[in-house]
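The structure under discussion appears below in the form of structure tokens.
What follows draws every value from the coordinates through simple rules; no lab data is involved. Keep in mind it's a predicted model, so treat the numbers as computed, not measured. Cβ sites come from the backbone with ideal geometry, for glycine too, and all protein chains shown count toward neighbours.
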Amino acid sequence: MAAYRIDIVDASTTWQSRDRSQQAAPQVFDQLRDMILSLTLAPGTALSRSALQRQFGLSSTPIRDALMRLEEAGLVEVFPQSGTIVSMIDVALARQAQFLRRSIEQEVVRILAAAPDAGLIDRLNGIIADQASRARADDLEHFNKADLAFHKILYDAAGVPDLWALVRKRSGHIDRIRRLHIPIGGKAAQIVRDHSAIVNAISKAEPELAQSEVRDHLSRSLAFSDELRVRFPSYFKE
């Protein structure tokens, strides 16, 4: 599929929350990554470095550095002397990311269920309540942020926050499959039910049940990938 070009939000909107005391390149990376994962920048979208410089109000160096990091994360493809495009969704890479995350997270919940913490349970249930509210309002942007917060808390509570960073780095393809899946057929409501089941197993000190619930939870979107490829054929790598 030929790449196409879209306009990126203007610089004043993009940089409203920019922290000028911090380096620019990581902030460009974060914003472009979020736009890619949310499909605001769809697979196949061409990214012009000169346009990005103008739209972000920056020199070439931070833009180049941000694009290099996006390439390392598998979110863009850089073609020398040609251009940069947002990568197509690769199901094979998504499957590996799912395997990594599912393996780690089953151990995470086993640790947590072996010694349940009431404060942790309360925090997780608070996020679940927020997600349920966001799902009813069809506010999928904040629903997704709450979902990430739910899982990050699990890793933090298990004492392995660096593994969450590793998972996030490898999750660009599975995240986009999941983003396509969320609006379809009650997926958001299913996520809320899954999270409740995970927390219930942890609170009851049932490690094996918690692992089973996580395994099921983290298997759903990829199992739906064939149908998504039919619905969104231009988004997927052949």
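With +1 on each Lys and Arg Cβ and -1 on each Asp and Glu Cβ, and nothing else charged, work out how big the dipole of the range 135-204 is about its Cα centre, in Debye to the nearest 20.
Values: 12 positive and 8 negative charges, 38 e Å.
In total the dipole reaches around 180 debye.
Farthest toward the dipole's positive end in the range 91-235, which of Gln96, Pro116, Ala149, given Cβ charges of +1 (Lys, Arg) and -1 (Asp, Glu) about the Cα centre?
Gln96
Would you please give the FRET efficiency between Gln23 and Ala205, computed as 1/(1 + (r/R0)^6) with r the Cβ-Cβ distance and R0 = 45 Å, to the nearest 0.05? Show your work: numbers first, answer last.
Working: r = 44 Å, r/R0 = 0.99.
Efficiency computed from Cβ-Cβ geometry: 0.50.
Please figure out what share of the DSSP beta bridges in the chain is antiparallel and state it in percent, rounded to the nearest 5. Show your work: numbers first, answer last.
Working: 6 of 9 bridges.
Looking only at bridges with both residues in the chain, the antiparallel portion is about 65 percent.
Using +1 at the C-beta of Lys and Arg and -1 at the C-beta of Asp and Glu, which of Ser38, Pro161, Asn200 has the Cα lying farthest in the positive direction of the dipole of the chain?
After comparing all options, I get Ser38.
Can you list the residues, at least 5 places off or on another chain, whose amide H is less than 5 Å from the amide H of Leu47, using H built in the peptide plane?
Residues meeting the criterion, in which the H sits 1.01 Å from N, are Thr84, Ile85, Val86.
What residue among Ser60, Ser171, Ser103 shows peak mean-square fluctuation when the chain is described by a Gaussian network model with Cα springs under 10 Å?
For the chain, modelled as a Gaussian network with Cα springs under 10 Å, the answer is Ser60.
As an exercise, identify the trypsin sites (Lys or Arg not before Pro) in the range 152-231 lying in DSSP coil whose Cβ has no more than 16 other Cβ atoms within 10 Å.
Lys204
Compute, for the chain, the length of the dipole vector about the Cα centre, with Cβ point charges of +1 (Lys, Arg) and -1 (Asp, Glu) only. Units Debye, rounded to 20.
On the way: 31 positive and 30 negative charges, 84 e Å.
Rounded to the nearest 20 debye, it is 400 debye.
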